[in-house]
Every structure is written in C-alpha cells, then in structure tokens.
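Student: I have a structure here, written as structure tokens, and I will follow up with some questions on it.
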Amino acid sequence: MAYPYIGALKHGGKQGKIQRIVIHATVSPCVRGGARNVAKYFQSSAAGGSAHYVVDPGEIIQCVKDDVVAYHAPPNTGTLGIELCDPQAGSPKRWSNEAHQAMLVLAAKLVRELAAKHDVPLVRVTAAQLRAGKRGICSHVAVSDAFGQSDHGDPEVAGPFPWAKFMQLIKEEDDMPSPKEIYEAVWEQDVMAAPDGSKSNPTWKPSSVLTDVDKKVRALQSQVTGLESELAATNAKLDQVLTLLRASVS
Ligand SMILES: [Zn+2]
C-alpha cells in the first residue's frame, strides 16, 4: 500500500535484501499529526538521520523508499526503520492508552505488509540473534546492543516496549481461521446440513436439530393457544359490559 510521502533529506543509496525491520520511538507526543511533524523535521538540515516510515495514532507517513537506505540504526543497509510517535517518558502503561493502541494497530499493519513484501519472518529478534544473522523484527536498542554502532535505547528508554502485544497485533491477520477450519467448526456444532452422500459423517446429527426446531414450534403454538383463549375470555367480558350498558341506558 502507498502512504503519503514526505521525502527525508538524509538517506543513503540502494539497499539489498531486507534483513530486519527496526522499531524506533521519536521522543515526541503520541498525537495525530505527529508523524507529519517528524517527517517535516527529517526534511530539515537539523535532522541527523531519517527513517522509512513514521506512524502516529492517525496515519503512516513514508519518508524514504523501501529500496533506499535510511539513517536510523546502523548498520543501516538491508534494514527498514519505523518510527513510532512516543515521548519515551512516563509510565509504560501509556502504551495501552487509546492513542498508543491506535498507533500500534497501524504500525502492526505496516510491519505485516512490509514483512510480506520483503519476505521478512514475523518473529522478534534479540541482540544476540541479530549478531547471529537472524532476520526479523527488532527494536533500535537491540541493534545498538548487537553492533555497538549507536547508543540509542529506543523504544525502551522509559520502560519496556509491549512486544508481546505488538507481535500479537502483527500476526492477528495470519491467525484468522481458513474457510475450511470455519466449515469444520460449524459442522461439528451440528448446525449445518450435511451435503448429499455425507450422512455417514459421525458428527452429523440432523435429528437433534429437527427436535430442537420442533420443540420451539410447539412452544410457540401453545403460546398462541393461550393468547386465543385469553382473547375469547376478554370478548365474553366485553359482551357482558355492553349488555349492562345497554340495560342502564334504556
Ligand atoms: Zn531509534
């Protein structure tokens, strides 16, 4: 998917196969419009680096094309950098507030798309695994620890990043049951008619479904009968009242 593009001033040349997707934090407020502000900062000569994408609670902005090196977490070649708008201050509980949750959902969607596009495994990789050449998704701090070429601790400067939740969001779509799994689940619940010739399926119990429907129909019928007799009784009383009225008028 194409995202609004605000090109960063600083970037390198073409990059080869993508090894990892690196998650950063901007040290700026987690608010709508935050991503554009950071992207505009990346356009200025004051910015020391860049990233491929910046995400806030409302949108994703692209700043460097995927096939171009961005300056975000050295060694940069063969990596994609995603900045999340977060102040890197305050309680780690901020990651579960409404704004952060919305941003994490957007970022997870972006990671899922990028991983699929560049064939990056949907696994979180640690510093030791990065050193061992494992491909996947990681934090800037893991890259710093693995290669010692930067000293940034984001996105875990103020407490842990919610990795378990984030990886779950990334994989959510992958965990959707297949049509076959849904069919089999419904089948086992005995609410779907068996196709012709499949009556030998041991899980198919049409009689119990019919019995259930029959019970409901009978219950409704007895309710109707009850209402009918109530109506007849009311009519009889009405007749009596009318008779009395006529007698008193005449
Ligand atoms: Zn960073």
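The values are calculated or read from the model by the stated rules, or taken from the named source; none is laboratory data. Everything quoted here is computed from the prediction, not taken from an experiment. Counting neighbours? That spans all protein chains shown, and the Cβs are built from the backbone with ideal geometry, glycine included.
Student: Is at least one residue of region 87-103 in the same structural domain as F166 (by TED's automatic domain parsing), surrounded by 15 or more Cβ atoms within 10 Å (Cβ to Cβ) and under 15 Å from H52 (Cα atoms)?
Tutor: no
Student: Assess whether K134 counts as being more than 16 Å from the ligand (Cβ to nearest atom) and within 19 Å of V55 (Cα to Cα). Write out each step before concluding.
Tutor: Values: more than 16 Å from the ligand (Cβ to nearest atom): yes; within 19 Å of V55 (Cα to Cα): no.
No, not satisfied.
Student: Given the structure, is V143 assigned by TED's automatic domain parsing to the domain that holds V69, within 15 Å of the ligand (Cβ to nearest atom) and at pLDDT 95 or above?
Tutor: Working: assigned by TED's automatic domain parsing to the domain that holds V69: yes; within 15 Å of the ligand (Cβ to nearest atom): yes; at pLDDT 95 or above: yes.
Judged against the criteria, V143 is a match.
Student: Restricting the search to region 81-111, which residues are of a type in the set (V, I, T) and away from the ligand (no atom under 16 Å from the Cβ)?
Tutor: So the first thing to find is which residues in region 81-111 are of a type in the set (V, I, T), and the list is 82, 105, 111.
Within region 81-111, V105 is the sole residue that qualifies.
Student: Name every residue in region 41-59 that is farther than 20 Å from F147 by Cα, surrounded by fewer than 24 Cβ atoms within 10 Å (Cβ to Cβ) and within 15 Å of the ligand (Cβ to nearest atom), in order of residue number.
Tutor: Hits for region 41-59 are Y41, A47.
Student: Still on this model: Is there a residue in region 112-123 that is within 16 Å of the ligand (Cβ to nearest atom) and at pLDDT 95 or above? Walk me through it before giving the result.
Tutor: Of region 112-123, the ones within 16 Å of the ligand (Cβ to nearest atom) are none.
Scanning region 112-123 turns up no residue that is within 16 Å of the ligand (Cβ to nearest atom) and at pLDDT 95 or above.
Student: Which condition does Q62 not pass, out of (1) away from the ligand (no atom under 16 Å from the Cβ); (2) under 19 Å from K171 (Cα atoms), if it passes all the others?
Tutor: It fails just one condition, (2).
Student: Just name the residue that is nearest to the chain's Cα centre (by Cα) out of those in region 39-81 that are assigned to a helix (DSSP H, G or I) and under 13 Å from P4 (Cβ atoms). Steps first, answer last, please.
Tutor: Start the filter on region 39-81 by keeping residues that are assigned to a helix (DSSP H, G or I), which leaves 39-43.
Subset that is under 13 Å from P4 (Cβ atoms): 39-40.
Numbers: A39: 24, K40: 28 Å.
Selected residue: A39.
Results for (1) farther than 27 Å from D145 by Cβ; (2) at pLDDT 95 or above; (3) surrounded by 22 or more Cβ atoms within 10 Å (Cβ to Cβ); (4) within 14 Å of the ligand (Cβ to nearest atom), shown as yes or no for each residue.
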position: M1; (1), (2), (3), (4): yes, no, no, no
position: H11; (1), (2), (3), (4): no, yes, no, no
position: V27; (1), (2), (3), (4): no, yes, no, yes
position: A39; (1), (2), (3), (4): yes, yes, yes, no
position: D66; (1), (2), (3), (4): no, yes, no, no
position: P74; (1), (2), (3), (4): no, yes, no, yes
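Student: Here are E83, E98, E59: which of them is of a type in the set (D, E) and within 17 Å of C138 (Cα to Cα)?
Tutor: Numbers: E98 fails: within 17 Å of C138 (Cα to Cα); E59 fails: within 17 Å of C138 (Cα to Cα).
Just a single option satisfies the conditions, and that option is E83.
Student: Do we find that G78 is more than 13 Å from the ligand (Cβ to nearest atom), at pLDDT 95 or above and under 29 Å from Q129 (Cβ atoms) in this structure?
Tutor: Values: more than 13 Å from the ligand (Cβ to nearest atom): yes; at pLDDT 95 or above: yes; under 29 Å from Q129 (Cβ atoms): yes.
The answer is yes for G78.
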